[in-house]
Amino acid sequence: EKAYAFVRDALAADNGKKVLFVGTKKQAQDAIQEEATRCGMFYINERWLGGTLTNYQTIKTRIDRLKSINNMEASGELGLLTKKEAAGLLKERDLLEKNLGGIKNMGGLPDIVFIVDVEKEHIAVAEAQKLGIKIVALVDTKCDPDPIDYVIPGNDDAVRAVKLITSIIANAVIEGKEGVQYSVEEAQPQEEEPAQEEEAINE
C-alpha cells in the first residue's frame, strides 16, 4: 500500500519526522488517540481549531499556557490561590487539554498529517495543503480525493474500518522508526473475521 510505504519510508529516512493524526468524529476519536499514542506521535480528536497549522505560533501560546498551568499545579502554586482562582485555572486547563493535549509536545509543525473524514476535517486539509504538508487520508466515496497526497479508500463511518486503517498507519510509523515489520493481518482486530474486515474497507 502506497500510503503505508510513504509513512514508513519517511520515518526511516528521518526519525525526527512528526505525524499528526486527525479525526474528530465520534467513530474516530478513540482510535486516533490510541494509535497516535501507541506510535509516539500526536493527535487532534476533539476539535480542530482554525489556524492549528497555518497560525501555529498563536496555537503555541495556548499550549504554553496549558503547560504553565500544569506546572503551577505540580509545584503547588495553585494552592496559594483562592479556591475560586484555582478552580478557574483548572477549568481553563481542562479545556486546553481537551483541544490541544494531543499536540502539546509536538514542538512545531508536523511533516505528515493522517486524516479520517476529509469532508469533516476540510479545514485541516486546506491548512496542510497551503503549507505543503503531505496528507494521508481515509477517504470515503462521498469525498473529493484530489487534495489528498495518499488516498486510502474506505468507509470513514465504520468504526472497525477506521480502527484498522489508523492502526496500520501507526504500524508504518513504528516500522519506519524502529525497523519493526508489521503485516496488515497483525493490525486487524482479533475478534473480527477477515471477511467482515474486507467488507468494512472499500479496496
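What follows is calculated from the coordinates using simple rules that are stated; it is not laboratory data. In this text, all values refer to a predicted model and were calculated from it rather than measured experimentally. Every residue, glycine among them, receives a Cβ derived from its backbone with ideal geometry; neighbour counts consider all protein chains shown.
Values as computed for the structure displayed
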read-out: Summed side-chain charge close to Ile123 - residues other than Ile123 whose Cβ falls under 13 Å, Lys, Arg +1, Asp, Glu -1; value: -1
read-out: Cα pair distances in the range 56-103, grouped into 10 Å bins until the bin that holds the longest one, percent each; value: 28, 52, 19, 1
read-out: Cut-off under 5 Å, modelled amide H: who pairs with Lys134 long-range; value: Val113
read-out: Calculated Rg and Dmax of the chain using C-alpha coordinates, Å; value: 18.2, 60
read-out: Proxy reagent accessibility, fewest Cβ within 10 Å first, across Thr82, Thr52, Thr37, Thr166; value: Thr82, Thr37, Thr52, Thr166
read-out: Rounded, prolate or oblate (a/c below 1.5 giving rounded, otherwise prolate when a/b exceeds b/c) for the range 1-80 by Cα gyration tensor; value: prolate
read-out: Residues with amide H under 5 Å from that of Asp156, placed H, sequence gap 5 or more; value: Asp140
read-out: Estimated [θ] at 222 nm from DSSP helical runs (n ≥ 4, -39500 (n - 2.57)) normalised by residues in the chain, nearest 500; value: -16000 deg cm²/dmol
read-out: Lys18 long-range amide H proximity, modeled H, under 5 Å; value: Asp111, Ile112
read-out: Estimated distance in nm for a label pair at Lys67 and Ile123, the labels positioned 7 Å out from Cα along Cα-to-Cβ; value: 2.4 nm
read-out: Greater than 21 Å apart at Cα, pairs in Lys67/Lys91; Lys17/Lys177; Lys98/Lys130; Lys17/Lys60; Lys17/Lys91; Lys67/Lys163; value: Lys98/Lys130; Lys17/Lys91; Lys67/Lys163
read-out: Karplus 3J(HN,Hα) series, Hz, for the range 22-30 with 6.51 cos²θ - 1.76 cosθ + 1.60 (x for Gly, Pro); value: 10, x, 9, 6, 4, 5, 10, 3, 5
read-out: Of the trypsin sites (Lys or Arg not before Pro) in the range 84-179, those whose Cβ has at most 11 other Cβ within 10 Å and which sit in DSSP loop; value: Lys142
read-out: Length-normalised contact order of the chain in % [C-alpha pairs under 8 Å, at least 6 apart]; value: 28 percent
